[in-house]
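Comments concern the structure below.
The values are calculated or read from the model by the stated rules, or taken from the named source; none is laboratory data. In this text, all values refer to a predicted model and were calculated from it rather than measured experimentally. Don't worry about glycine lacking a Cβ; one is built from the backbone with ideal geometry, like all the others, and counts go over all protein chains shown. Each accessible area value is taken on the protein alone, full model and side chains, heavy atoms only, with ligands, DNA and RNA left out. Shrake-Rupley method; radii C 1.70, N 1.55, O 1.52, S 1.80 Å.
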Amino acid sequence: MKPLLLVDVDGVLNPMGRATPDFRRYRCTVGTDVYTVHLNARHGRRLLDLALATGSELVWATTWEEHANEWIAPRIGLPSLPVIPMTPGAPSEFGEMFKTPHVADYVGRRPFVWFDDQVWAEDEEYLRVHQGLDDFLLVHVDPREGLTSRHLGMAHEWLTLTGFSQGP
């Protein structure tokens, strides 16, 4: 079973803070909505390198859903990726974010690393206690700075040390 690398967009690839010079500004139109996003082209290469080094599969875990393949992937050099459907739902009685049950359904029993700016202790508890999952790493990304080398290093180290890495 290949491990999964789950990637959010807003707050992870599109930081909410002041963009640094290595980010480029884009205006994306989704339906009738226009969004401004700041993307760093190096993120795509770094994610692909992590996936290759660990034998993992990249997957979108974002409310952008298929629009991430249309608007985000080509601007950072990623191919089209599988997408976890993220239909917003009612607030949970357990306190996890609305995405977490969708992620649990998608991953099944596969090990995974999830990069998101909204994963917290409640999400980890939901996955472990309510879904019986053990083999995952939630990487909380500060939405003001977005994905960093430190986050990627944490994922690489966890996949390698836990033996889930299937890289070369």
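For this structure, a couple of remarks:
- Our coupling estimate for segment 11-28, obtained by passing each phi through the Karplus curve with A = 6.51, B = -1.76, C = 1.60 and θ = phi - 60°, is x, 10, 8, 10, x, 8, x, 5, 5, 7, x, 7, 9, 10, 8, 10, 10, 10 Hz, Gly and Pro reported as x.
- Relative contact order of the chain, taken over Cα pairs closer than 8 Å and 6 or more residues apart, is 33 percent.
- Annotation for segment 64-141: GluC sites (Glu not before Pro) lying in DSSP loop with at most 10 further Cβ atoms inside 10 Å of their Cβ are Glu93.
- Solvent exposure of the chain amounts to 50 Å² per residue of accessible area, where only protein heavy atoms count and the probe is 1.4 Å.
- Placing unit charges on each Cβ (+1 for Lys and Arg, -1 for Asp and Glu) gives segment 1-78 a dipole about its Cα centre, and among Leu48, Leu4, Val34 the Cα reaching farthest toward its positive end belongs to Leu48.
- Calculated FRET efficiency, Arg27 to Thr63, Cβ-Cβ distance, R0 = 25 Å: about 0.85 to the nearest 0.05.
- In the chain, the DSSP-assigned H stretches of four residues or longer account for a calculated mean residue ellipticity at 222 nm of -7500 deg cm²/dmol, using -39500 (n - 2.57) per stretch and the full residue count as denominator.
- Note on Thr160 and Glu93: with the Förster distance fixed at 41 Å, the Cβ-Cβ geometry gives a FRET efficiency of about 0.65.
- Among Val34, Val83, Val59, the residue with the largest mean-square fluctuation in a Gaussian network model of the chain, with springs joining Cα atoms closer than 10 Å, is Val34.
- Within the listed set Leu58, Leu81, Leu39, the residue fluctuating most in the Gaussian network model of the chain (springs between alpha-carbon atoms under 10 angstrom) is Leu81.
- Placing unit charges on the Cβ atoms only, positive for Lys and Arg and negative for Asp and Glu, gives segment 71-137 a dipole magnitude near 420 debye about its Cα centre.
- Interchain or long-range residues, amide H under 5 Å from Phe112's placed H: Leu4, Phe136, Leu137
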